[in-house]
Amino acid sequence: MKSARSFLTSLSTLVLLSLVLGLAAGAAAQRWGLPGGHITADFVQALGQLWLNALRMTIIPLVFSLLVTGIASIADAARTGRLALKAVAWFGGLIVFATIYAVAAAYGLHAVWPIDPEGARLLLAIKPEGAEGLGAGAPFSEFVKTIAPSNPIRAAAEDAILGMVVFAVFFGFAASGLPERLRVPLITFFEAVGETMIVIVRWVLKAAPLGVFALSVGVGLTAGASAAGVLLHYVALISLACIGIGLIFYPLAVVFGRVSLGRFARAAAPAQVVAFSTQSSLASLPVMVERAVDELGVRRATAGLVLPLAVAVFRITSPVANLGVAIYCAHLFGLEPSAGQLFAAMLTAVLISIGTVGLPGQASFFASIAPICIAMGVPLELLPLLLAVEVVPDIFRTLGNVTADLAVVRIVQGGEAQGD
């Protein structure tokens with residue numbers, strides 16, 4: 001895990017540099033001309049599209065495998081005792097709350113601080129391919145029909161992502177109820193598929209500097225310097241949404257965890273420092289356990305059960321940031337999702353948050369966000385550029401997750417905490 005984090009950290013720097021160089025090269029070509037003209041531009045665009053397609057080909061098998069194994073792990077945890085079941089119930093309720101907050105925060109931030117119309121107009125010159133999914137004018141009854149696919153294989157082939165995700169959830173719960181001799185090899189198979197897809201994603205990410213450079217050259221050719229302003233605006237809005245959900249857990253810890261605000265803030269601060277520097281909830285786990293026991297009065301047995309479980313399956317900022325990205329892209333492309341599309345995206349975000357791997361955001365960016373975009377009918381073409389600047393929002397994702405984990409462990413312990 002440490003080597004994976006160091007790889008992704010150095011990769012983030014290279015990708016960010018490639019983005020800056022690509023935008024600068026595209027803007028320069030826009031002003032002074034591109035050697036080779038349209039032939040060169042088309043070739044560069046084809047390279048970027050090839051890299052994007054390589055990432056997209058992993059989405060369906062990766063998401064399905066992660067959901068099956070994630071559901072199975074939650075079911076196993078819930079069977080281990082009353083405390084684990086209580087923790088899982090809190091996780092589920094808070095994820096639903098975070099999903100509702102995500103939509104309200106995204107639309108609220110866009111209302112207060114909208115995207116620059118000129119920058120959006122220039123970026124729209126990319127003319128992305130239309131995304132699959134419900135049409136913007138589709139009635140809510142059409143959304144209801146897509147929840148359960150009549151043919152799961154065809155749903156996966158046609159990017160009918162919500163139906164595939166729902167089928168994966170049912171499959172995972174059904175698999176978790178099988179006898180051990182059948183359950184273990186089946187879950188192991190999907191773990192192997194998921195790990196294989198992650199290996200492919202890492203291979204593709206090694207080419208991310210080239211892929212992002214090629215795509216950003218095309219953006220620079222059409223949008224020029226305006227693209228940088230839109231990207232900075234995106235980083236600010238997603239980061240603010242993640243900061244907001246993290247701050248909400250301070251009063252939640254006070255009200256439901258029955259702990260003073262100052263005490264909770266002191267307990268969370270050291271873990272937040274580790275989270276900020278590593279962008280990994282897993283790396284923050286030892287500090288979280290220590291602070292939960294020493295500062296929040298949580299029993300060590302409770303902290304040892306709830307916090308690792310929270311790191312594995314409870315990522316409160318996942319639906320917040322992922323929905324924020326999809327809604328940002330929708331605003332950027334001038335799309336108005338229907339009620340059915342928005343509900344489909346919210347349901348997909350809740351389910352996707354269960355299965356996403358505990359890696360820095362760059363590794364799981366497409367697996368987490370692309371299904372939500374597809375459910376909402378939003379094109380995926382700009383996601384590589386947003387991946388390049390994900391390093392900043394990912395910091396605030398991790399800070400929010402760590403804060404929520406500490407609040408939940410205190411809430412689950414309740415008034416029975418040590419030293420109260």
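Here is a check on your reading of the model: is residue 266 more than 19 Å from the chain's Cα centre (by Cα) and either of a type in the set (Asp, Glu) or on the phi > 0 side of the Ramachandran plot (or both)?
When the stated conditions are applied, residue 266 does not pass them.
In the range 59-83, which residue that is on the phi < 0 side of the Ramachandran plot, modelled with pLDDT under 85 and not aliphatic (A, V, I, L, M) is surrounded by the fewest Cβ atoms within 10 Å (Cβ to Cβ)?
For the range 59-83, the residue satisfying everything is 82.
Taking only the range 355-406 into account, find how many residues are modelled with pLDDT of 90 or more and of a type in the set (Phe, Trp, Tyr).
Qualifying residue count, the range 355-406: 1.
With the structure loaded, tell me whether residue 198 is modelled with pLDDT under 90 and touching a helix residue (DSSP H, G or I) at 6+ places or on another chain (Cβ under 9 Å) or whether it fails that test.
In short, yes.
Which number in (1) of a type outside the set (Phe, Trp, Tyr); (2) modelled with pLDDT of 95 or more; (3) crowded, with 24+ Cβ neighbours inside 10 Å marks the one condition that residue 281 misses?
All conditions pass for residue 281, except number (2).
With respect to residue 252, determine if the residue is modelled with pLDDT under 95, assigned to a helix (DSSP H, G or I) and either aliphatic (A, V, I, L, M) or crowded, with 24+ Cβ neighbours inside 10 Å (or both).
Against the criterion (modelled with pLDDT under 95, assigned to a helix (DSSP H, G or I) and either aliphatic (A, V, I, L, M) or crowded, with 24+ Cβ neighbours inside 10 Å (or both)), residue 252 does not qualify.
Is it the case that the range 181-189 has a residue that's out of contact with any Phe, Trp or Tyr (no Cβ under 8 Å at 6 or more places or on another chain), closer than 21 Å to residue 321 by Cβ and either buried (at least 16 other Cβ atoms within 10 Å of the Cβ) or touching a residue at least 12 places away in the same chain (Cβ under 8 Å) (or both)?
No, the range 181-189 has no match at all.
Could you tell me whether any residue of the range 281-295 is outside any helix (DSSP H, G or I) and of a type in the set (Lys, Arg)?
Scanning the range 281-295, I find no residue that is outside any helix (DSSP H, G or I) and of a type in the set (Lys, Arg), so the answer is no.
From 178, 182, grab the single residue that is outside any helix (DSSP H, G or I), more than 29 Å from residue 50 (Cα to Cα) and modelled with pLDDT of 75 or more.
178
Which of (1) in a loop (DSSP other than H, G, I, E, B); (2) without any contact (Cβ under 8 Å) to a residue 12 or more places away in the chain; (3) among the small types (Gly, Ala, Ser) is the odd one out, the single condition residue 262 does not satisfy?
(1)
Assuming residue 414 fulfils every condition listed in (1) part of a helix (DSSP H, G or I); (2) at pLDDT below 90; (3) crowded, with 23+ Cβ neighbours inside 10 Å apart from one, which condition is it?
Looking at each condition in turn, residue 414 falls short on (3).
Please indicate, with yes or no, whether at least one residue in the range 334-345 is in a helix (DSSP H, G or I), small (Gly, Ala, Ser) and farther than 23 Å from residue 238 by Cα.
Among the residues of the range 334-345, at least one is in a helix (DSSP H, G or I), small (Gly, Ala, Ser) and farther than 23 Å from residue 238 by Cα, which makes the answer yes.
The values are calculated or read from the model by the stated rules, or taken from the named source; none is laboratory data. All values reported here derive from a predicted model rather than from experimental measurement. A quick note on method: Cβ atoms are made from the backbone with ideal geometry, for glycine too, and the neighbour counts reach across all protein chains shown.
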